[in-house]
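Worksheet: one structure, shown below.
All of the numbers you see were taken from the coordinates with simple rules; none came from a lab. Quantities reported herein were computed from a predicted structural model and do not represent experimental measurements. Positions of Cβ are backbone-derived with ideal geometry, glycine not excepted, and every protein chain shown enters the neighbour counts.
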Amino acid sequence: MPRCGAWHHSGMSRPLLNPRLAGLGTTIFAEMSELAAATGSVNLGQGFPDTDGPAEIARAAADAIMAGRGNQYPPGAGVPELRRAIAGHQRRFYDLDIDPDTEVLVTAGATEAVAAALLAFVSPGDEVIAFEPYYDSYAACIAMAGGVRVPITLRAPGFRPDLSALRAAVTDRTRLILLNSPHNPTGSVFTRTELTAIANLARQHDLLVISDEVYEHMVFNGEHVPIASLPGMRERTVSISSAAKTFSFTGWKIGWVTGTPDLVTAVRTVKQFLTFVNGGPFQYAVAQALALPDEYYATIAADLKIKRDLMCEGLAAAGFEVYPPEGTYFIMTDVRAFGQVSGLEFARALPGAVGVVAIPSEVFYDNADAGRFGVRFAFCKRKEVLAEALARLSRLRAG
Ligand code: PMP
Ligand code: GLN
């Protein structure tokens with residue numbers, strides 16, 4: 001990743017930062033949100049909704065605090081109400097049978113789940129295969145574990161997983177495949193056929209799979225297939241999701257892990273020394289949220305699909321090459337029509353030029369060339385905000 005900046009010496013003879021983390025720098029999301037605030041730009045950078053989730057769920061969190069539920073350390077695996085609700089969700093949507101007592105772990109967002117799972121399973125020198133562009137915490141956490149990233153590049157326009165490249169990437173050092181579908185930032189949703197091929201490979205080489213499914217309810221084309229639901233995969237898959245996206249409460253940081261007792265126990269061993277426990281009162285509220293009726297879940301994707309279409313059309317009209325996402329609330333574009341500037345230069349200039357913030361795709365790649373001209377826009381914003389952003393972007397001149 002081309003980011004740097006956290007390599008301070010502070011007058012000491014040795015570099016301050018653990019060399020494993022060299023070059024990771026500050027996460028781009030915080031930087032771009034600060035830039036948006038400082039310039040009064042429409043922030044389509046960091047992926048967070050500009051509308052909170054259901055009021056009744058916010059009320060449930062407030063009620064839990066006032067009723068003294070979860071204000072002291074909750075149980076290590078999460079409160080039983082939430083563990084049962086997570087198991088119920090897996091059964092309702094995927095027909096997966098999860099034991100809430102031994103096969104669920106509540107975490108501080110999906111971020112901690114990914115970190116704890118990687119630290120639990122990866123030893124120094126182990127190879128971790130992941131599909132780039134990838135969510136920025138993946139590279140950082142693989143590095144913290146001392147693992148070696150083995151990127152498989154998803155390429156525009158379709159961003160399909162290259163299965164022969166994947167097969168060729170497996171070595172006897174490969175420990176696991178880190179999967180994310182629906183995929184941030186490309187919006188690609190892996191098909192059942194693609195996931196079956198990945199599953200076959202994992203079984204054949206005795207690999208674990210960490211499957212980050214935080215956008216599971218945001219699919220417009222195709223279907224979300226949890227890889228754990230494929231034959232022989234339950235025993236080797238750690239599935240991860242979160243309340244952040246599904247319920248639009250990104251600040252609550254309630255995520256979860258499901259898997260066999262052995263897998264969950266391993267992740268819990270790490271989690272207990274990272275945060276021990278988290279978000280007591282919010283856990284009760286998320287338990288209630290998970291029980292919302294099917295219509296709630298259907299509305300998430302239906303609403304986002306309208307916004308996706310609005311953005312695809314508006315960005316294309318403004319001169320961007322647009323790669324319509326099949327899922328998530330992100331849209332990838334190519335900015336070469338605006339002159340041969342890189343996505344990084346384009347995104348840095350955009351707030352000053354027209355007052356919009358976006359994320360340069362380059363930061364999601366190891367192989368930076370593959371993402372050189374990409375820019376990602378988030379569309380989890382109110383329609384009038386998206387319309388304003390598009391109006392501003394239409395003032396750009398494609399050359
Ligand atoms: N994984 C992916 C792919 C994401 O986009 C995000 C978004 N923040 C996360 C994990 C982290 O989720 P959380 O906010 O629940 O930690
Ligand atoms: N997942 C969100 C994104 O990809 C942001 C999360 C964060 O800021 N770490 O934009």
Calculate one ³J(HN,Hα) per residue across segment 207-215 by plugging θ = phi - 60° into the Karplus curve 6.51 cos²θ - 1.76 cosθ + 1.60, and present them in order as whole Hz with x for glycine and proline. 9, 8, 10, 9, 10, 8, 10, 4, 9
Segment ASP99-ASP309, length gained on full extension (0.36 nm per residue, minus Cα span): 71.7 nm
Setting aside same-chain residues fewer than 8 positions from LYS383, which aspartates and glutamates have a Cα under 13 Å from its Cα? ASP50, ASP303, ASP309
Over segment 205-345, with a single point scatterer placed on each C-alpha, what log10 of the ratio I(q)/I(0) does the Debye formula yield at q = 0.12, 0.16 1/Å? -0.68, -1.01
Segment 128-284, convex hull of Cα, quarter of hull surface, nm² -> 9.6
HN-Hα J in Hz across segment 319-327 - Karplus 6.51, -1.76, 1.60, θ = phi - 60°, x for Gly and Pro: x, 7, 7, 10, 10, x, x, 8, x
Please tell me which of these pairs span more than 19 angstrom C-alpha to C-alpha: LYS245/LYS307; LYS253/LYS307; LYS245/LYS305; LYS245/LYS381? LYS253/LYS307
Pairwise centroid distance, computed over Cα atoms, of segment 249-296 with segment 119-159, Å: 23
For PHE373, other-chain or 5+-apart residues with amide H closer than 5 Å (H placed, Pro excluded) are GLY343
Using a 7 Å offset from Cα along Cα-Cβ at ARG167, what residues in segment 210-239 end up with backbone N under 12 Å from the label point? none
Would you please put 142-153, 317-328, 220-231 in order of how densely packed they are, using the mean number of other Cβ atoms within 10 angstrom per residue and starting with the highest? 317-328, 142-153, 220-231
HN-Hα couplings for segment 54-65 via Karplus (6.51, -1.76, 1.60; θ = phi - 60°), in whole Hz with x for Gly/Pro, come out as x, 4, 5, 7, 4, 4, 4, 5, 4, 4, 4, 4
Going by amide H atoms built from the backbone, whose H comes under 5 Å of the H on ALA156, apart from near neighbours? none
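Please work out the ratio of the alpha-carbon Rg of segment 294-399 to 2.2 N^0.38 Å and round it to two decimals.
1.08
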Could you give the Stokes-Einstein D for segment 62-147 in µm² per second, using the C-alpha Kirkwood radius, 4 °C, 1.567 mPa s? 85
Let me have the relative contact order for the chain, percent, based on Cα pairs under 8 Å that are six or more residues apart. 23
With a bin width of 20 angstrom, please list the P(r) values of the chain as percents of all Cα-Cα pairs, from the 0 bin to the one holding the largest distance. 28, 59, 13, 0
Restricting to the chain, what percent of DSSP beta bridges are antiparallel, rounded to 5? 50
Other-chain or far-sequence residues with amide H under 5 Å of ASP126's (modelled H): VAL148
Cα centroids of segment 326-348 and segment 19-73: how far apart, whole angstrom? 24
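Can you say what percent of the DSSP beta bridges in segment 193-325, counting only those with both residues inside, are antiparallel? Round to 5.
50
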